[in-house]
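Throughout, read-outs are computed from the coordinates displayed, never taken from laboratory work. Every value quoted in this text rests on a predicted model; they were computed, and no experiment measured them. Cβ placement follows ideal geometry from the backbone for every residue including glycine, while neighbour counts extend to all protein chains displayed.
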Amino acid sequence: MSRRLQTNPISDPKLAEQGRRLYEWAANRMTILEKFAAKNRTKKPLAGFKLGLCLHVTKETSVLAMAAKSLGAEIAICSANPLSVQNDVAAFLSSQGIRTFAWRGETKEEYDQCISSVLDTKPDIVTDDGGDLHTAAHKSRTKSIVGGTEETTSGVKRLQSMQRHGKLAYPVIAVNNAHTKHLFDNRYGTGQSTIDGIQRSAGVLFAGKHMVVSGYGWVGKGVAARAKGMGANVTITEVDPVKALEARMDGFDVMKLSEVAPYGDIFVTCTGQTSIIRKEHFVKMKNGAILANAGHFDVEINIQDLHSVADAQPQTVRQDVEEFLVRGRKIYLLAKGRVVNLVAASGNPSEIMALSFANQLLSILHIAENHDMMELKLYDVPEEIDVAVARYALEAMGIKIDRQTEKQKKYQS
Ligand code: ADE
């Protein structure tokens, strides 16, 4: 085990006060969590449960962790990405008695050790973002676990594969599949924060740029819509004919990546797939092209290929921007090809994470109450949770909606 992890598994405990201020800032915009926690607080339904969290350690995650703690849970947390940790937030969580194994810039080995440290606490319920904690747990460390939740599309895909191979060792709720998660977090949250990550790191003008978005799932839709709104000319690349058609009818150009590679100014991958932008594309790109990834894993831009076609070692031109010289042209890689909205910006805004993490909190409560009756399979978030989250979010915005009349109910039945 690294000395770092043994001595001090966070960056700097002195940052706790700044982390507390960020927690309070986010909590003010995430009142839905307090609302659901307050309803349950007297019963302390999570007392006696240990939670193991593998989430991006952000101010929004601190609101989820503190809400779960207020319901009686004992918590250990590590980061879902070695570069996304907000060190002040990690210090705050640690100061609150939450066992925190996270600092920005963990090596791959340290990242794995942090996950292992969370599993060492023998959690009853595990909450993951991307599937690394679930995967590590399934290497013969599932004994204590009665259930889990999963935050993101990439993690749900890994769990579906485990389920198909009969390997799933505890029930998991796919939080990503809730309507009040992916329709909002993936589209409006990641849509905005991806633009934010490109803006903060590269700082380029979007108006008039040719932006190429690979993948037209919910994240791709969000990124494309926001880029268009800022004046970019957007082209979508897809392998799914239905999504490609949808992109076309939403008003975007649709082309093969190999065709559009010479024209793009900014390329953003949003596919969850590996090696989307590779050697054959890099060599066609124009001088000044910018590459960013919005997918969970750093596999969508083939970095090995990029190094292999580079004429020299890359240069860091500013934080989160590396310059590669390819056949005499400069190509810029943002955030080392890691998830740009969390590495070069601070993740999705609190108002969006309020919806996602309300689903997480209520799903954790659901598992605490019902795990004895649950099977070893992937579950969707119960519909009543999804609807309750939407209702409260509308209420928080001061929006009232109509109800069906008795006549309408009869007409439909
Ligand atoms: N995933 C995307 N944005 C996030 C945030 N702000 N906090 C935690 N996880 C996230």
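Dipole magnitude for segment 215-329: computed about the Cα centre from +1 point charges on Lys and Arg Cβ and -1 point charges on Asp and Glu Cβ, it is near 220 debye.
Please label the shape of segment 271-334 as rounded, prolate or oblate, based on the square roots a ≥ b ≥ c of the eigenvalues of the alpha-carbon gyration tensor (a/c under 1.5 means rounded; beyond that, a/b larger than b/c means prolate, else oblate). Taking the square roots of the gyration eigenvalues as a ≥ b ≥ c, segment 271-334 is oblate.
Highest mobility in the GNM of the chain, judged by mean-square fluctuation with C-alpha springs under 10 Å and restricted to 28, 359, 81, is found for 28.
Quick one: 182, 138, 281, fewest Cβ neighbours within 10 Å first, how do they rank?
138, 182, 281
Rounded to two decimals, the Cα radius of gyration of segment 7-113 over 2.2 N^0.38 Å is 1.04. Among 83, 33, 183, the largest mean-square fluctuation in a Gaussian network model of the chain, built with springs joining Cα atoms closer than 10 Å, belongs to 183. Fewest-first ordering of 78, 114 by other beta carbons within 10 Å of each residue's beta carbon gives 114, 78.
Its Cα gyration tensor gives segment 117-187 an equivalent ellipsoid; the semi-axes, largest first and in whole Å, are 21, 13, 10.
For the chain, the Cys residues with no second cysteine's beta carbon closer than 4.7 Å are 54, 270.
Across segment 261-311, Cα pairs under 8 Å and at least six residues apart give a relative contact order of 46 percent.
Sort 304-311, 326-333, 290-297 for me by packing, meaning the mean count of neighbouring Cβ atoms within 10 Å per residue, highest on top.
Output ranking for 304-311, 326-333, 290-297: 290-297, 326-333, 304-311.
In terms of overall dimensions, segment 105-242 has a Cα radius of gyration and Dmax of 18.4, 55 angstrom.
Net charge dipole, the chain: roughly 220 debye, given to the nearest 20, about the Cα centre with Cβ charges of +1 for Lys and Arg and -1 for Asp and Glu.
Note on the chain: along the principal axes its Cα atoms extend 68, 65, 45 Å, ordered by decreasing extent. Taking the chain as a Gaussian network of alpha-carbon nodes connected by springs under 10 Å, the highest mean-square fluctuation of the residues 253, 129, 402 belongs to 402.
When a/c reaches 1.5 or more, the comparison of a/b and b/c decides; with that in mind, is segment 38-182 rounded, prolate or oblate per its Cα gyration tensor?
rounded
Using only side-chain charges placed at the Cβ, +1 for Lys and Arg and -1 for Asp and Glu, the dipole size of segment 289-353 relative to its Cα centre rounds to 200 debye. Note on segment 284-413: Cα-Cα pairs beyond 17 Å make up 73% of the total pair count. Ordering 100, 135 by the number of other Cβ atoms within 10 Å of each residue's own Cβ, fewest first, gives 135, 100. Once C-alpha pairs closer than 8 Å and six or more residues apart are averaged by separation and normalised to the residue number of segment 1-101, the relative contact order reads 41 percent. For the chain, the mean residue ellipticity at 222 nm estimated from helices alone is -12000 deg cm²/dmol, where every DSSP H run of n ≥ 4 contributes -39500 (n - 2.57) and the total is divided by all residues, rounded to the nearest 500. When the chain is described by a simple charge dipole with +1 on each Lys and Arg Cβ and -1 on each Asp and Glu Cβ, the residue from 54, 86, 283 located farthest towards its positive end is 86.
Membrane-span-like helices in the chain (whole DSSP H runs, Cα extent of at least 24 Å along the helix axis, mean Kyte-Doolittle hydropathy of at least -1.0): 350-370. Using only the Cα atoms of segment 339-413, build the gyration tensor, take square roots of its eigenvalues as a ≥ b ≥ c, and label the shape rounded, prolate or oblate: rounded if a/c is under 1.5, else prolate if a/b is larger than b/c, else oblate. Since a/c reaches 1.5 but b/c is at least a/b, the shape of segment 339-413 is classed as oblate.
Explain nothing, just the number: relative contact order of the chain, from Cα pairs under 8 Å at least 6 residues apart, as a whole percent. Write down the numbers at each step before the final one.
On the way: 873 pairs, mean separation 68.0, N = 413.
Relative contact order of the chain: 16 percent.
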